1. If you wrap region 4-121's Cα atoms in a convex hull and average its projection over all directions, what's the area in nm²?
2. Counting only DSSP beta bridges with both residues in the chain, what percent are antiparallel, rounded to the nearest 5?
3. Helix 35-44 versus the longest principal axis of the chain: what angle, 0 to 90°, nearest 10, using Cα atoms?
4. Once the piece of chain linking Ala151 and Leu177 is laid out straight, how much longer is it, given 0.36 nm per residue of separation minus the C-alpha distance between them?
5. When a footprinting reagent is the concern and you count Cβ atoms within 10 Å, what order do Phe27, Phe105 take, fewest first?
6. Using the Karplus curve 6.51 cos²θ - 1.76 cosθ + 1.60 with θ = phi - 60°, work out ³J(HN,Hα) for each residue of region 51-59 in order, rounded to whole Hz, and write x for Gly and Pro.
7. So which residue, out of Asp98, Asp139, Asp34, gets the largest mean-square fluctuation from a GNM of the chain using Cα contacts under 10 Å as springs?
8. Using r as the Cβ-Cβ distance of Glu225 and Leu111, and R0 as 30 Å, what FRET efficiency do you calculate, to the nearest 0.05?
Amino acid sequence: MAELILIVDDEAGVRELLGDALRIAGFETAVAQDGMSALTAIRNKKPDLMIIDINMPLMDGFELVERLRSMGDNTPALMLSARADRIDVTRGLTIGADDYVTKPFGLEELLLRIKAILRRSQISTAGAADLRCGPIVIDESSHTVKFNEDAVELSPTEFRLLQVLIENKNRVLSKSLLLDEVWGITFESESTVADTYISYLRKKLHKDGFEGIKTVRGVGFVIQEPK
């Protein structure tokens, strides 16, 4: 069955452009023209991913994502904005968006990012062994993380990033490799999204004396077993 993508944008032209491109790529689509109508659409038909414009009337994209996350809805969200301001990008990722694309955007790049988000949110790892690094344990079958037996809440993107780091613990991973493995960005990119998500993991996992996620300047990142 094709994945359902909800397009939330107040511009009819953008909704039509994205709808046509997504249907050609094999997805099903639904549309909403603002945040309030998006909430109704989500209740009526559970999407696999949402593309959400930031600047909308009644309820903007930030408010929509914040409300959904506060309700426990973790449907993957890709945010669109005409502004490339770093503050906007950081806010979108902080409140729980999975990726951020600025207008004007290339449809090919957008489709790659959508497929990457869906891939990392739908990875089936039933029966997989636990991944461990010091006090951190990833149970891939239940998609949960524990730190010294205490549950740690991670977004799908944070989970995938931690998974890749621990699968390669004690090995330095380049930013380009992480962008490929986690975000599906296979082209040259100046994106700082990897740095941003590394900082999120540190905030949640650097405690009780554990500071295993290291930056190797000019190369990338590594997670190390405590000595």
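Just so you know, all these numbers are worked out from the coordinates, no wet-lab data involved. Keep in mind it's a predicted model, so treat the numbers as computed, not measured. A quick note on method: Cβ atoms are made from the backbone with ideal geometry, for glycine too, and the neighbour counts reach across all protein chains shown.
1. Working: hull surface 26.0 nm².
Averaged projected hull area, Cα only: 6.5 nm².
2. Details: 16 of 33 bridges.
Around 50 percent antiparallel, to the nearest 5.
3. Orientation of helix 35-44: about 80 degrees from the principal axis.
4. Details: separation 26, 0.36 × 26 = 9.36 nm, distance 2.80 nm.
Residue separation times 0.36 nm, minus the Cα-Cα distance, leaves 6.6 nm.
5. Working: Phe27 20, Phe105 13.
Listed from fewest to most nearby Cβ atoms, that is Phe105, Phe27.
6. 9, 10, 6, 7, 8, 9, x, 6, 8
7. Most flexible of the set in this elastic network: Asp139.
8. Working: r = 38 Å, r/R0 = 1.27.
E(calc), rounded to 0.05, equals 0.20.
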